[in-house]
Amino acid sequence: MSIAATPARGRARSNGWWGMALFAATEATLIGTIVGSYFYLRINAAAWPPKGAPEPAILAPVLLTVALLASVVPFHGAVSAARRDDRARALALVAVATAVQAAYFGVQIHLFSASLDRFQPQAGAYASIYYVLLGAAHAHIAVGLLFDLWLLARLARRLTPYRLRALEAVALYWVVVAGITVVAVFTLLSPRL
């Protein structure tokens, strides 16, 4: 069955899309709870970040977040291409998005490691919540990259209605992860804003 033969508009969302929406909602709730804890600790602290803790950098996290947000665009282009039965274009756009997301992840892991050299998670409430929030955000990126690799392997062979639904679900996941990342980054940068 051709992808182009499936109705593009007005159709009900697939079970996979709804499953991803529920999964993303639980993950957003998790991040929201961590952000709430961050601000609870901040309100009850005499100084935030405490004396001795490094001030959060602004430029690199903001530029990296913009790059991650930009990676959502090729994913939506891939969904559009797949709906037109253009497997090659969909595959190429997913590959571009994956490359940007992988670069983002690599740089963020490098920055995460470097920050461990400056202060440890056990240094206090600020360090603890800083690493929990950053680690949770990075874990979502790692899961998304696994989704991407699975999707690339499937799209490399052929495009089916099932794989189109998977592509739509993964695109939704990245929109939510990009939103989670924006919230996490601006929460961590809030002492400097």
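Residues considered: Val182, Val177, Val170, Val143. Of these, the only one that is assigned to a helix (DSSP H, G or I), more than 22 Å from Leu63 (Cα to Cα) and within 11 Å of the chain's Cα centre (by Cα) is Val170.
Listed by first and then second residue, the pairs linking a residue in the stretch 62-87 that is touching a residue at least 60 places away in the same chain (Cβ under 8 Å) and farther than 17 Å from Phe105 by Cβ to a residue that is in a helix (DSSP H, G or I) and among the charged types (D, E, K, R), with Cβ atoms under 7 Å apart and 6 or more places separating them unless they lie on different chains, are Val79/Glu168. Considering the conditions (1) closer than 26 Å to Ala53 by Cβ; (2) open to solvent by 50 Å² or more (accessible area, probe 1.4 Å); (3) in contact with a Leu (Cβ under 9 Å, 6 or more places away or on another chain), Asp86 is excluded by exactly one of them, (1).
Just to be sure before I move on: is Ala88 out of contact with any helix residue (DSSP H, G or I) (no Cβ under 6 Å at 6 or more places or on another chain), within 21 Å of Ala142 (Cβ to Cβ), in a helix (DSSP H, G or I) and of a type in the set (A, V, I, L, M) in the structure I sent? So Ala88 fails the test.
Between residues in the stretch 20-48 that are on the phi > 0 side of the Ramachandran plot and residues that are open to solvent by less than 40 Å² (accessible area, probe 1.4 Å) and assigned to a helix (DSSP H, G or I), which pairs lie under 6 Å by C-beta distance while being six or more apart or on different chains? Sorted first by the residue in the stretch 20-48, then by its partner, the list stays empty. Against the condition under 29 Å from Leu111 (Cα atoms), out of contact with any Ser or Thr (no Cβ under 7 Å at 6 or more places or on another chain) and open to solvent by 40 Å² or more (accessible area, probe 1.4 Å), how does Gly52 come out, does it pass? Judged against the criteria, Gly52 is a match. Scanning the stretch 50-85 for residues being part of a helix (DSSP H, G or I) and of a type outside the set (A, V, I, L, M, F, W, C) gives a total of 7. Looking at the stretch 114-130, is at least one residue in contact (Cβ under 8 Å) with a residue 60 or more places away in the chain and surrounded by fewer than 15 Cβ atoms within 10 Å (Cβ to Cβ)? Checked the stretch 114-130: at least one residue is in contact (Cβ under 8 Å) with a residue 60 or more places away in the chain and surrounded by fewer than 15 Cβ atoms within 10 Å (Cβ to Cβ). For the stretch 98-113, the candidate set comprises residues that are under 13 Å from the mean Cα position of the chain (by Cα) and surrounded by fewer than 20 Cβ atoms within 10 Å (Cβ to Cβ); within that set, the residue that is farthest from Val62 (Cα to Cα) is Ala102. Only a single item in (1) in contact with a helix residue (DSSP H, G or I) (Cβ under 6 Å, 6 or more places away or on another chain); (2) of a type outside the set (Phe, Trp, Tyr); (3) closer than 27 Å to Leu59 by Cβ is not met by Leu164, and it is number (3). Applying the selection to the stretch 147-193, what residues are polar (S, T, N, Q), more than 21 Å from Glu27 (Cα to Cα) and either touching a Ser or Thr at 6+ places or on another chain (Cβ under 8 Å) or buried (at least 16 other Cβ atoms within 10 Å of the Cβ) (or both)? Across the stretch 147-193, the qualifying residue is only Thr160.
The values are calculated or read from the model by the stated rules, or taken from the named source; none is laboratory data. Source: prediction; values computed, not measured. Note: ideal-geometry Cβ built from the backbone for every residue, glycine included; neighbour counts use all protein chains shown. Just so you know, the surface numbers come from the protein's heavy atoms only, side chains and all, with ligands and any DNA or RNA stripped out. Shrake-Rupley method; radii C 1.70, N 1.55, O 1.52, S 1.80 Å.
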